[in-house]
Amino acid sequence: MDRFTSRLQAGLKRVQMEFRRAEPRVEAYRPGRMVWPDLCASRDISILDMSPSGAKLTFGEGAILPELPREFYLFIHGLGGHVSVRLVCEKRWQRAELVGVKFIKKLEDADFERLVAAAPSEH
């Protein structure tokens with residue numbers, strides 16, 4: 001398979017994934033922290049986009065990741081003062097430094113709007 005065909009297939013998979021989503025995602029660009037369920041480890045992350053039911057996270061380009069747990073806590077920082085939100089997440093997919101997660105408990109609309117409104121406009 002040539003390089004063009006490979007890139008085209010990857011693009012088609014992303015489009016298909018968007019159509020399968022229960023809800024559209026919006027750009028978020030928020031700092032956060034992933035914490036293992038037994039509290040033995042944690043990693044800084046960035047939230048790239050999110051919906052009330054999930055998000056796409058990144059550890060930064062070229063990050064070397066340990067084995068990620070299936071479920072973990074996600075702390076979203078910077079909601080005014082020192083306020084953070086804690087969500088329980090399930091890892092749905094992982095490609096290199098990108099991770100797709102589902103929130104175990106879907107965010108209420110007001111909470112989701114507050115998170116998105118607090119997101120920095122530039123990344």
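Considering only the range 62-109, state which residues are of a type in the set (Asp, Glu) and at pLDDT below 90. Walk me through how you get there before you give the answer.
Initially, the range 62-109 is screened for residues of a type in the set (Asp, Glu), giving 67, 71, 90, 97, 108-109.
Of everything in the range 62-109, those that are of a type in the set (Asp, Glu) and at pLDDT below 90 turn out to be 67, 97, 108, 109.
Taking the range 93-119 as the search range and keeping residues that are assigned to a loop (DSSP other than H, G, I, E, B) and in contact (Cβ under 8 Å) with a residue 24 or more places away in the chain, which one is nearest to residue 32 (Cα to Cα)? Write out each step before concluding.
In the first step, residues of the range 93-119 are kept if they are assigned to a loop (DSSP other than H, G, I, E, B); the result is 96-97, 104-108, 118-119.
The next check asks that each one be in contact (Cβ under 8 Å) with a residue 24 or more places away in the chain; those that pass are 97, 104, 106-108, 118-119.
Numbers: 97: 15, 104: 17, 106: 18, 107: 16, 108: 19, 118: 13, 119: 12 Å.
The selected residue is 119.
Have a look at 86, 43 and point out the one that is crowded, with 17+ Cβ neighbours inside 10 Å, free of Cβ contacts under 8 Å to residues at least 40 places away in the same chain and not in a loop (DSSP other than H, G, I, E, B). Steps first, please.
Numbers: 86 fails: crowded, with 17+ Cβ neighbours inside 10 Å.
None of the others qualify; the one that does is 43.
Considering only the range 53-61, I want to know if a residue exists there that is more than 17 Å from the chain's Cα centre (by Cα) and either at pLDDT 90 or above or loosely packed, with under 14 Cβ neighbours inside 10 Å (or both).
Quick first cut of the range 53-61, residues more than 17 Å from the chain's Cα centre (by Cα) only: none.
There is no residue in the range 53-61 that is more than 17 Å from the chain's Cα centre (by Cα) and either at pLDDT 90 or above or loosely packed, with under 14 Cβ neighbours inside 10 Å (or both).
Tell me whether the range 19-33 contains one or more residues that are under 17 Å from residue 95 (Cα atoms) and either modelled with pLDDT of 95 or more or in a helix (DSSP H, G or I) (or both). Working first, answer last.
Taking the range 19-33 as the starting set, the residues that turn out to be under 17 Å from residue 95 (Cα atoms) are none.
No, the range 19-33 has no match at all.
The values are calculated or read from the model by the stated rules, or taken from the named source; none is laboratory data. Quick caveat, the model's predicted, so the values are computed rather than measured. Every residue, glycine as well, gets a Cβ built from its backbone with ideal geometry; the counts of neighbours run over all protein chains shown.
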